[in-house]
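Report on one structure; see the data block that follows.
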Amino acid sequence: SGVMSLLRPLLLDVVPTIQHTAALALGRLANYNDDLAEAVVKGDILPQLVCSLSEQNRFYKKAAAFVLRAVGKHSPQLAQAIVHCGALEMLVICLEDFDPGVKEAASWALGYIARHNSELSQAVVDAGAVPLLVLCIQEPEIALKRIAASTLSDISKHSPELAQTVVDAGAIAHLAQMILNPDAKLKRQVLSALSQIAKHSVDLAELVVEAEIFPVVLTCLKDSDEYVKKNGATLIREIAKHTPELSQFIVNAGGVAAVIDCIGSCRGTVRLPGIMMLGYVAAHSENLSMAVIVSKGIPPLCACLVEEHEDHIKAAAAWALGQIGRHTPGHARAVAVANVLPTLLAMYMDTHSSEDLQMKATLKNILQKCTYLPALEPLLHDAPPNIMKHIVGQFSKVLPHDSKARRLFVTTGGLKKVQEIKAEPGSLLQEYINTINNCYPEEIVR
């Protein structure tokens, strides 16, 4: 109905309430979908808003910032249009406003622009927003703290350089102090911002650890708010993944045990970062993997495989179990004893499993180290050829040196099963079968 062109002159009306209400109306329209946001840009409304941002009252400033946020949230192209019309400088000026509501609205708009990609994020940084956002997280108003922390998180997430800018402005110390804040929504944003900083590099992760976030951050894993739990686990994961030293530090702080409790006490995607964190820790070294085993990390990971419905969560659990079991026969046995190998094999063979889940559930990592035969035996009856060769391979390594295992292998029907396997002459699988058969007198084999 041509409402944009009707609203535009109202932005310059002599009555302040009319200006303010017109801006609000535009904001609500732009917020609705990207086509309307596009119409606001095409209607040449942004330059007008920006132009009057500096001299108007606080109500108008809030409404104008709301319009910018509503336009910028939909796509990088629309956010670019905001940058193009010089809005960032005005929004940064609003971050210094006396009114906390104006600061909040400006911070929110900047966050919605920065979250799209590193170029837009860099534009926000170049406009001088970061030091002012760090001041905003120190303000008494909880709502302002939340939005400012969220915006710092959106700026940090794209690249190590952008995260470094946030660090250089002194953000880590202030964020770390708020981990204990009673407000759950603030804690979510604070943990998210610290994760987005720590994920990029060892140096950045170490700076976050040096802000003494341990053991405080472990209390977040027991929080009643699901997102606080999830973001807390994500932060610990982003630190653990970098080096064995950082993982060892987390183990010493009681982090592994706390994450294992957390996985056991929740369901669904909240578990995902914790599952991955255990996998990363275990992947680093034999000792760290043993720390996960000793802290009783295997049973909850097995539970995730059975209880969860989403393939990506099952895949993460399968991957983590593989990282725990891949080091030595002792590690592999700890996983095998949990009776999880048949479950993994079933997932690998299930045609409904996602490609990723099938890849993570191949068992190869564990099988190549596993010498615990009672766990391998049931697999002989179901495994497809590409996995069968690893299973038969393990039997061919153990049976020649273990007379008790040789006897058992006959009585449980394992040897019979091996005779039924069709192997290509000269293949690795055929060699393994020959090695097993050579352990027995010929009449038994027959």
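The values are calculated or read from the model by the stated rules, or taken from the named source; none is laboratory data. In this text the structure is predicted, and so the values were computed from the model without any measurement. Heads up, the Cβs are rebuilt from the backbone with ideal geometry, glycines too, and the neighbour counts pull from every protein chain shown. Heads up: the accessible areas ignore ligands, DNA and RNA and are worked out on the full protein's heavy atoms, side chains in. Shrake-Rupley method; radii C 1.70, N 1.55, O 1.52, S 1.80 Å.
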Checklist outcome for this item: By the C-alpha gyration tensor axes a ≥ b ≥ c (rounded if a/c is under 1.5, else prolate when a/b exceeds b/c, else oblate), the shape of the range 386-445 is prolate
Checklist entry - So which GluC sites (Glu not before Pro) in the range 210-299 pass both tests, a DSSP loop state and at most 15 other Cβ atoms within 10 Å of the Cβ? => result E212
Next on the checklist: Using the basic label-point model (7 angstrom from Cα toward the beta carbon), what is the D168 to E355 distance in nanometres?
Outcome noted: 4.1
Next on the checklist: Going 7 Å from the Cα of H84 along its beta-carbon direction, which residues of the range 18-39 have the amide nitrogen within less than 14 Å of the resulting point?
Outcome noted: 38-39
Checklist outcome for this item: The local net charge around Y348, scoring Lys/Arg +1 and Asp/Glu -1 for residues other than Y348 whose Cβ lies under 15 Å from its Cβ, equals -1
Checklist entry - When the chain is modelled as a GNM with alpha-carbon springs shorter than 10 Å, which of T362, T21, T151 fluctuates the most? => result T21
Checklist outcome for this item: On the accessible surface of the range 386-445, probed at 1.4 Å with all protein chains in place, carbon and sulfur together account for a percent value of 52
Checklist entry - What percent does the relative contact order of the range 386-445 come to when contacts are Cα pairs within less than 8 Å and at least six residues apart? => result 46
Checklist outcome for this item: The answer for the net charge of residues other than S5 whose Cβ lies under 13 angstrom from its Cβ, with Lys and Arg +1 and Asp and Glu -1, is +1
Item to check | Three-way shape call for the range 1-109 based on the alpha-carbon gyration tensor, with the a/c threshold at 1.5 | outcome: oblate
Checklist entry - To the nearest 500 deg cm²/dmol, what mean residue ellipticity at 222 nm is calculated for the chain from DSSP H runs of n ≥ 4 alone, each contributing -39,500 (n - 2.57), summed and divided by the residues? => result -21000 deg cm²/dmol
Next on the checklist: For Cα pairs less than 8 Å apart in space and 6+ apart in sequence, what is the mean separation divided by the residue count of the chain, i.e. the relative contact order in percent?
Outcome noted: 7
Item to check | Calculated P(r) over Cα pairs in 20 Å bins from 0, in percent (choose from (1) 24, 52, 21, 3, 0; (2) 23, 57, 20, 0; (3) 23, 38, 25, 11, 2, 0), label | outcome: (3)
Checklist outcome for this item: Measuring from its Cα centre, the range 11-139 shows a charge dipole (+1 at each Lys and Arg Cβ, -1 at each Asp and Glu Cβ) which, in debye to the nearest 20, is 260
Checklist outcome for this item: At the level of C-alpha centres, the distance separating the range 106-132 and the range 247-311, in angstrom, is 35
Item to check | Residues of type lysines that K61 reaches as a straight line, Cα spacing below 16 Å, ignoring anything fewer than 8 places off in the same chain | outcome: K103
Next on the checklist: Can you tally the net charge around L408? Count Lys and Arg as +1, Asp and Glu as -1, for every other residue whose Cβ sits under 11 Å from the Cβ of L408.
Outcome noted: +1
Checklist entry - If the cut-off is a Cα-Cα distance under 25 Å, which lysines reach K241, setting aside same-chain residues fewer than 8 apart in sequence? => result K157, K187, K199, K222, K229, K230, K296, K314, K360, K364, K369
Item to check | For the chain, accessible area per residue (1.4 Å probe, heavy atoms of protein chains only), Å² | outcome: 44
Item to check | Computed E for V3/V294 - FRET, C-beta separation, R0 41 angstrom, nearest 0.05 | outcome: 0.05
Next on the checklist: Which of rounded, prolate or oblate describes the range 1-49 when judged by the alpha-carbon gyration tensor and an a/c cut-off of 1.5?
Outcome noted: prolate
Checklist entry - What distance in nm separates the simple spin-label points at I421 and C51, each placed 7 Å from Cα in the Cβ direction? => result 8.0
